[in-house]
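Working notes, structure below.
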Ligand SMILES: [Zn+2]
Ligand SMILES: [Zn+2]
């Protein structure tokens, strides 16, 4: 008999419930197995399992053995645990995982029995049968893993695979949770969208608007990258989530844009990321590169999903009439500071129409010819650069066209850097 548990049984004068008399009542009420008896005392000190607690109480009170199948609470439920664990293993053996979690779907009869127990045999130490079962399943599963030379542990927060045992149907269901990678992509040619750009008119079926392709950009970073990840992981579907996005006609240079790539139902989670990066470059003929590829942590996921990062752009700009070097410099300096920007006309259908205040932290410019200039701008997240130049029919103020008194358009746009790790401040040098 385990000392601390036995000692507890004799030292509960201050408790409302006396464990021995509660056990006596339970045993007298009908045949009950050691698992179910012990579970009413799970919260008492000691490192014993529920089954061991039940056995001790039964012995101490002089009751004979009960066959598990005869238990009025569970009808031998715990005898079925090994076969459920075995089924779980059969479902999951093809998948790589280091963490798992079991859940159970109780039968209505078991739910009712739990309620009845709580009402008729209230115990401050009782453990819910669901938790008891989940633990028993987890232990049985770990045992099987051990025999198969595999190792995985229970993870309540982010399990890689999950099992749901439906008791009534005697079924085990597997869910393989996605594997998520973090990286930064560079887009070195124009005309590539970030993600699959489905034609809104035909919704992908193919129409005049999209030239029968069903999409508005020939390809996307997502379409170029996902197949490589699927091949590496053996997953069934992948998707890319960028920290913001650039237009399809803009290049993404510098250190690239942070992104998350998740793959559903991966068979492998530890993949050769160097191979993935190299393969993306090879298959895209150098149009797309991925850097800094690594398994995503919760912190990295949060950063990509919610981060608002300043960006540095280079824009080639053309003017309707020739401008002087001096006028251009003065106009560029006038862009630094706060900008009032209405949602651009070109995206007003997709995004809420409102006026935002965004800052231009710094702006430099040089003329390439009297009718062409180059701008380098550092902007707050969410500022639209094309409209900052054109003015978008008064939607953006101030804007380069207005400051210059000449119509100006962006002809080429590059994102030079996503400043996700820098604290960008306003550059007042030009004021
Ligand atoms: Zn039982
Ligand atoms: Zn279409």
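The values are calculated or read from the model by the stated rules, or taken from the named source; none is laboratory data. These numbers come from a predicted model, not from an experiment. Ideal geometry is used to build each Cβ from the backbone, glycine not excepted, and the neighbour counts take in all protein chains shown.
Has segment 253-271 got at least one residue that is surrounded by 15 or more Cβ atoms within 10 Å (Cβ to Cβ), over 18 Å from residue 97 (Cα atoms), more than 24 Å from the chain's Cα centre (by Cα) and at pLDDT 95 or above? Looking through segment 253-271, at least one residue is surrounded by 15 or more Cβ atoms within 10 Å (Cβ to Cβ), over 18 Å from residue 97 (Cα atoms), more than 24 Å from the chain's Cα centre (by Cα) and at pLDDT 95 or above. Looking only at segment 199-217, decide whether some residue is within 16 Å of ligand 2 (Cβ to nearest atom), touching a residue at least 40 places away in the same chain (Cβ under 8 Å) and surrounded by 14 or more Cβ atoms within 10 Å (Cβ to Cβ). Checked segment 199-217: no residue is within 16 Å of ligand 2 (Cβ to nearest atom), touching a residue at least 40 places away in the same chain (Cβ under 8 Å) and surrounded by 14 or more Cβ atoms within 10 Å (Cβ to Cβ). Of all residues in segment 42-62, those satisfying the criterion of being within 14 Å of ligand 1 (Cβ to nearest atom) and in a loop (DSSP other than H, G, I, E, B) are 42, 49.
Looking only at residues in segment 327-341 that are in a strand (DSSP E or B) and in contact (Cβ under 8 Å) with a residue 24 or more places away in the chain, which one is nearest to the chain's Cα centre (by Cα)? Out of the qualifying residues, it is 341. Residues that are within 16 Å of ligand 2 (Cβ to nearest atom), closer than 30 Å to residue 380 by Cα and surrounded by 15 or more Cβ atoms within 10 Å (Cβ to Cβ) do occur in segment 236-249.
Answer yes or no: is there a residue in segment 257-276 that is under 30 Å from residue 419 (Cβ atoms) and within 16 Å of ligand 2 (Cβ to nearest atom). Scanning segment 257-276 turns up no residue that is under 30 Å from residue 419 (Cβ atoms) and within 16 Å of ligand 2 (Cβ to nearest atom). Selection of segment 121-156 for residues being part of a loop (DSSP other than H, G, I, E, B), free of Cβ contacts under 8 Å to residues at least 40 places away in the same chain and under 30 Å from residue 19 (Cβ atoms) yields only 128. Checked against the criterion of being surrounded by 13 or more Cβ atoms within 10 Å (Cβ to Cβ), within 31 Å of the chain's Cα centre (by Cα) and outside the structural domain of residue 220 (by TED's automatic domain parsing), the candidates 295, 344 yield just one match: 344.
Checking the stated criteria, residue 183 turns out not to satisfy the condition of being more than 16 Å from ligand 1 (Cβ to nearest atom), farther than 22 Å from residue 101 by Cβ and at pLDDT below 95. Please determine whether any residue of segment 221-239 is in contact with a helix residue (DSSP H, G or I) (Cβ under 7 Å, 6 or more places away or on another chain) and within 17 Å of residue 190 (Cα to Cα). The answer is yes; a qualifying residue exists.
I need the full set of residues from segment 182-198 which are assigned to a loop (DSSP other than H, G, I, E, B) and buried (at least 19 other Cβ atoms within 10 Å of the Cβ), in order please. Residues satisfying the conditions are 194, 197.
Set side by side, the residues 394, 373 differ, and just one is surrounded by fewer than 21 Cβ atoms within 10 Å (Cβ to Cβ) and either outside any loop (DSSP other than H, G, I, E, B) or not assigned by TED's automatic domain parsing to the domain that holds residue 256 (or both), which is 394. Residues in segment 64-80: is at least one away from ligand 2 (no atom under 16 Å from the Cβ), surrounded by 15 or more Cβ atoms within 10 Å (Cβ to Cβ) and within 31 Å of the chain's Cα centre (by Cα)? No, segment 64-80 contains no residue that is away from ligand 2 (no atom under 16 Å from the Cβ), surrounded by 15 or more Cβ atoms within 10 Å (Cβ to Cβ) and within 31 Å of the chain's Cα centre (by Cα).
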